[in-house]
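Only the coordinates and a few stated rules stand behind these numbers; no lab work does. None of these values were measured; they are calculated from a predicted model. Here the Cβ positions follow ideal geometry from the backbone for every residue, glycine too, while neighbour counts run over all protein chains shown.
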Amino acid sequence: MAYTPDKHHRRSIRLQGYDYSSEGLYFITLVCQNRAELFGEVRSSTVQLNAFGKIALEEWYHTARVRDNLEVHESVVMPNHLHGILEITQKKGENEVGAFRSPSHTIGAIIRGYKVATINKIKELIKESLGGNTESNGELLFAPTVEKILSLDYKIWQRNYYEHIIRNEQSYYRISEYIKNNPAKWEEDKLKIR
């Protein structure tokens, strides 16, 4: 199919003119490619993460450890998506007059880095568990998931992500409760494939 600018133009879902490196709280949702359930399952209103889900959660918290101006608040990895609240505690380079300001301190750059790290760790685990082969031999505990990931050619995450700027305490608590209760509401979740 040929590229048609009118048909294939991706409209930004970001708030026009907003500085996404600003101090503040951001509600983030990342969804797996094709909504594939790659990270585990929900049993009795509790998420049971598989090895890939554990990597997704570990890398989410690792993001804050490698950035001195970022804190991770309430977060949950679901079978096919992640919800989390990120807080930029300090705008980087704010007091540096005339200095080059790196775009690596924006929410977009943080999410890109997270996605790349997650994909790389999952790819590494799969290759290690397959003994360097990229063909699943069916002996792995999570072989069906490996086959899904291989069929996606390691495109684990959808291209974009959802974000919401949290502007007040009431919104923060509402979103935090939503995240905490997400596993209990998995059967009604709009991101679950029916």
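Exposure proxy ranking for ARG35, ARG174, based on other Cβ atoms within 10 angstrom of each Cβ and starting from the fewest, stands as ARG174, ARG35. Take every Cα pair under 8 Å whose residues are at least 6 apart in sequence, average their separation, divide by the length of region 19-175, and the relative contact order is 34 percent. Amide H contacts of ASP189: none lie under 5 Å away among residues 5 or more positions distant or on a separate chain (H built 1.01 Å from N in the peptide plane; Pro and chain starts excluded).
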